[in-house]
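The values are calculated or read from the model by the stated rules, or taken from the named source; none is laboratory data. Not measured: the values here are computed from a predicted model. Cβ coordinates were reconstructed from backbone atoms using ideal geometry, including for glycine residues, and neighbour counts include every protein chain displayed. The area values use the complete protein model at the heavy-atom level, side chains included, leaving out ligands, DNA and RNA. Shrake-Rupley method; radii C 1.70, N 1.55, O 1.52, S 1.80 Å.
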Amino acid sequence: MENFKRYLELRNYQKRNVIKILSMVQEYRNYIERGNLPTEYINYLKQRKHKTQPHKNLNVSTINNHLFALKIYKNYQKEILQKETNLIICRSFKTDLATIEVLSPEEVQILFESTINTRDKAVLASLYYLGLRIGEAAELLFEDVDLKDGKVLVRKSKTGYQREVPIHSKATEIFEEYLKIREHKGDCFLQGQKGNLTPSGIEFIIEKLAKKSKIKKRIYPHLLRHSIATHLLKNGMELIKVSRFLGHRSLESTQIYTHI
C-alpha cells in the first residue's frame, strides 16, 4: 500500500483524501482476504454500519466514495503494476445507487443572494460557475485567474491533470469586485483572514450561506459542482464537453449526471 500511497501523492491528492482512499481500499482488500466475492461487495457496503454511528447504514454519498477509491486503485494496478484486476464491481456501483440531488438554478440564485460579502460570492462562483472541487478552489493560484482572456488554469487536480476552465460572465463580474477588496496575504486566489483560504474554510462559508438561504436541501461545496454539471447538460452541452469542463478522466465519471 505504500507504493499506492506514493501514486496518490504524485497525482496531487490532498493528504486527507489520501488517508481516506487508502482506508477504503484496505477495507476492500480485507473483505476479499476473508474469502468473499468481489461481486458481493456492493451489498456488503449497503449493509455495513457507520463506524462512528453504528445505528446507521452507509449513505449513498459514502458508498460512492468507496467506489471512487476502488476505481483509482484499479487504475493504479493497470497503469503501474501492468495487470488487470477483478474489480468488476466498479462499473456497477453507481448505476445501483440513487441519483444525485442538485440545486435548481433558482436555488443557486438564492444562495448567491444570501450574502453581501464579496469574498464569499467569489467562493460560490469558483465552486459553481467554474465547477471546481473544494481542493481545486482552495489551491487556485491568483496568477492563474485570467479575467482578460476569460479563463482559469487549474494546476492541481485529484486526477493529476491540468485543465483550463472558461469564466462565465457572471463569475467575471463577481471576481472583478472581489479583486478590488482582496488582501494580498497569500499566493492563492481565495483569501481568508490570515492568508490562503483552506478547504475547511470554504466548507464553513458554504454552511453559513446554506443556513442563511433557508433552502431545505443539504448544501455542501461539491453540490455546487454537481449542480453546474447538471445545468450544463440540461442546457444542451455535450457530455464530452461537460466531462472536460469538470476535469474527469473518463466519460463514465460524468455519466452520473445523465439522470436528467
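Shown in residue order for region 62-69 are the 3J(HN,Hα) couplings computed by the Karplus curve 6.51 cos²θ - 1.76 cosθ + 1.60 at θ = phi - 60°: 5, 5, 5, 5, 4, 4, 5, 4 Hz (x for Gly and Pro).
Using C-alpha pairs under 8 Å with a sequence gap of at least 6, the mean separation divided by the residue count of region 105-256 gives a relative contact order of 28 percent. The mean sequence distance of close C-alpha pairs (under 8 Å, at least 6 residues apart), as a share of the length of the chain, puts its relative contact order at 19 percent.
Treat each spin label as a single point 7 Å out from the Cα along the C-beta direction, and report the residue 55 to residue 141 distance in nm. Modelled inter-label distance: 5.0 nm.
Each peptide in 202-209, 13-20, 180-187, 133-140 receives the mean, over its residues, of other Cβ atoms within 10 Å, and ordering these scores from highest gives 133-140, 202-209, 13-20, 180-187.
Residues whose amide H falls under 5 Å from that of residue 141, counting only those 5 or more places apart or on a different chain, are 155, 189, with hydrogens built in the peptide plane.
Counting protein heavy atoms only, region 1-81 has 49 percent of its accessible area on carbon and sulfur, 1.4 angstrom probe.
Estimated purely from DSSP H runs of n ≥ 4, each contributing -39500 (n - 2.57), the mean residue ellipticity at 222 nm for the chain is -16000 deg cm²/dmol once divided by its residues. Apolar share of the accessible surface for region 105-256: 50 percent from carbon plus sulfur atoms, 1.4 Å probe. Per residue, the accessible area of the chain comes to 56 Å² when a 1.4 Å probe rolls over the protein heavy atoms.
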